[in-house]
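Input: a single structure, listed below in structure tokens.
The values are calculated or read from the model by the stated rules, or taken from the named source; none is laboratory data. From a predicted model like this one, the values you see are computed outputs, not experimental measurements. Every residue, glycine among them, receives a Cβ derived from its backbone with ideal geometry; neighbour counts consider all protein chains shown. Keep in mind that these areas ignore ligands, DNA and RNA; they rest on the heavy atoms of the full protein, side chains included. Shrake-Rupley method; radii C 1.70, N 1.55, O 1.52, S 1.80 Å.
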Amino acid sequence: IELDPGFAPAFDALAEIHWYLGFFGAVLPRDAFGQSLWYALRALELDEGLADTHALLAMLKKELDYDWVEVDREVARARELDPDSPTVHVRAAVSALLPHGRLEEALAEIDAALSRDPLSMFVRWWSGAIAYLARQPNRVLEEGRRMVLQEPSNPLGHWVLGLGHALAGEVGDALVRMSDAVRFSGETPFFAGFLALTQGQAGHVVEARAILDRLLAAAGDRYVQPFAIALGHIGLGEWDEAFRWMNTAVEQRDPLVIPVKSFVFLDPVRGDPRFRSILEAMNLT
């Protein structure tokens, strides 16, 4: 931007970086996504024809506003501009389909992206995550193994494998992989929350409580994704606290709450009025 203030892709790149900062909880999501939105709009002001930026706007309308009409509008514009973009396919899946539980359609979008960019860790990550939500353990495990083989120290591959083993009922393997994800990520709360969930589901109450206590202590000093804390309480069966933190996740726009309609571990409380309230707050009823 210093070299060329009119270079739109540079603003798009900054928009994407800030989206990731918000997604993984490095910055308060409202702040990170708000900054991302500014950069994305500036990029489109300079070049309205950036398909991937329109698709990113769909992601931001999802994260910030739960505005599904605007999400669909931005996805449609992105498709119109570049129907072959792998990024557009992935962001269409994640923003327009996943939140509503339309997981088979979302996987079809991911398959379209994979056919165009089969080596993309970004696409493989979402392939594994959405297959987990769709309750397809074999696909989740396949994607996780590909990712770990391609980038052994990338925590996302180990996380995807952990999800797959958990879905397949292979708790011991799930714990190993979730622990690896936490280690390779530098104990990022995003991954620590899933490890706490898995420890709790395995009946390892002491271990799950220790992780949860560390997350709660860290939250006193800096931003910690509230849904990560909710995961720890879910693993321990502490639903009152879990709902309290899930509501905080909605208020703070923590993106981890977006797949609330499909998470396997929320099956026991789908009839709870508090679950219905969360869906209403996100315009997902």
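Some observations on this one:
- Subset tally (residues that are assigned to a loop (DSSP other than H, G, I, E, B) and on the phi < 0 side of the Ramachandran plot) for segment 47-66: 4
- Any hit, segment 85-103, residues being in contact with a His (Cβ under 9 Å, 6 or more places away or on another chain) and surrounded by fewer than 19 Cβ atoms within 10 Å (Cβ to Cβ): no
- Residue selected from segment 184-242 under the condition under 21 Å from the mean Cα position of the chain (by Cα) and among the charged types (D, E, K, R), by the criterion surrounded by the fewest Cβ atoms within 10 Å (Cβ to Cβ): Arg222
A quick yes/no check of all residues on (1) open to solvent by 30 Å² or more (accessible area, probe 1.4 Å); (2) modelled with pLDDT of 95 or more; (3) more than 19 Å from the chain's Cα centre (by Cα):
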position: Phe263; (1), (2), (3): no, yes, no
position: Val269; (1), (2), (3): no, yes, yes
position: Pro273; (1), (2), (3): yes, yes, yes
position: Met282; (1), (2), (3): no, yes, no
position: Thr285; (1), (2), (3): yes, no, yes
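- Residue in segment 117-126 that is surrounded by the fewest Cβ atoms within 10 Å (Cβ to Cβ), counting only those that are of a type outside the set (A, V, I, L, M, F, W, C) and outside any helix (DSSP H, G or I): Pro118
Rundown of residues vs (1) touching a Lys or Arg at 6+ places or on another chain (Cβ under 8 Å); (2) free of Cβ contacts under 8 Å to residues at least 40 places away in the same chain; (3) of a type in the set (D, E, K, R), yes/no style:
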| position | (1), (2), (3) |
| --- | --- |
| Leu195 | no, yes, no |
| Glu207 | no, yes, yes |
| Ala219 | no, yes, no |
| Glu241 | no, yes, yes |
| Ala249 | no, yes, no |
| Arg253 | yes, no, yes |
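- Of all residues assigned to segment 29-40, at least one qualifies as being under 28 Å from Ser115 (Cα atoms) and surrounded by 15 or more Cβ atoms within 10 Å (Cβ to Cβ).
- Test: residue in segment 127-140 that is more than 22 Å from Asp111 (Cα to Cα) and either over 18 Å from the mean Cα position of the chain (by Cα) or in a helix (DSSP H, G or I) (or both): no
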